[in-house]
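Here is the structure we will look at, set down as structure tokens.
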Amino acid sequence: MGAKVGGSGGGPVNEINVTPLIDVVLVLLIIFMVVTPMLSSGIDVKLPDAKQTVQAQDNGQHIVISMDTEGDIYIGRDQITLEVLIDEVNAEYRKDPAKAVLIKADSNLHYGEVRAVMDELANNGKSTLLLAVEKKKEGE
């Protein structure tokens, strides 16, 4: 019904402009690169190696108790003492009673230091204890 006027064919272009899409994808990539390191709970410690592990992601669903090379105890990123450990854990349980306790202890600690924390938590009676380890790579 319409006729072409002019010889250069100046009608609508049938190509998608991908430049805005690339801009949005790059912004999302930068956001994920910045946020991802903040997702891990507790402080950074060198975890011991283990041959047999059950892999689980730490998505913030656990009460994380970390122990560094000096034997200092942390809940999340807050340093605490062994004497107030149960009070802090019970406060976290009041927020969400379904949480388990994840212990992240440095591999250079003596077992007795970690065991003291585990005994305190076991005497509390409310907690499911999980130990964080690194899976030993094949051939090591």
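The numbers here are math on the coordinates, done by the rules we state, and not lab data. Worth saying up front: this structure is predicted, and the values here are computed from it rather than measured. Note: ideal-geometry Cβ built from the backbone for every residue, glycine included; neighbour counts use all protein chains shown.
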Practice task
Would you list the strands (runs of 3 or more DSSP E) that sit entirely within the stretch 31-125 and hold 2 or more residues that are surrounded by 15 or more Cβ atoms within 10 Å (Cβ to Cβ)?
Solution key: 63-67, 73-75, 101-105
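Residue-by-condition table, conditions (1) within 23 Å of residue 136 (Cα to Cα); (2) in contact with a strand residue (DSSP E or B) (Cβ under 6 Å, 6 or more places away or on another chain); (3) among the small types (Gly, Ala, Ser):
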{"site": "29", "(1), (2), (3)": "no, no, no"}
{"site": "46", "(1), (2), (3)": "yes, no, no"}
{"site": "50", "(1), (2), (3)": "yes, no, yes"}
{"site": "66", "(1), (2), (3)": "yes, yes, yes"}
{"site": "73", "(1), (2), (3)": "no, yes, no"}
{"site": "78", "(1), (2), (3)": "no, no, no"}
{"site": "86", "(1), (2), (3)": "no, no, no"}
Exercise for the section: Could you list, in sequence order, all residues of the stretch 90-106 that are aliphatic (A, V, I, L, M) and more than 19 Å from the chain's Cα centre (by Cα)? Expected result: 91
Problem - Flag if residue 132 is of a type in the set (Gly, Ala, Ser) and more than 12 Å from residue 67 (Cβ to Cβ) - result: no
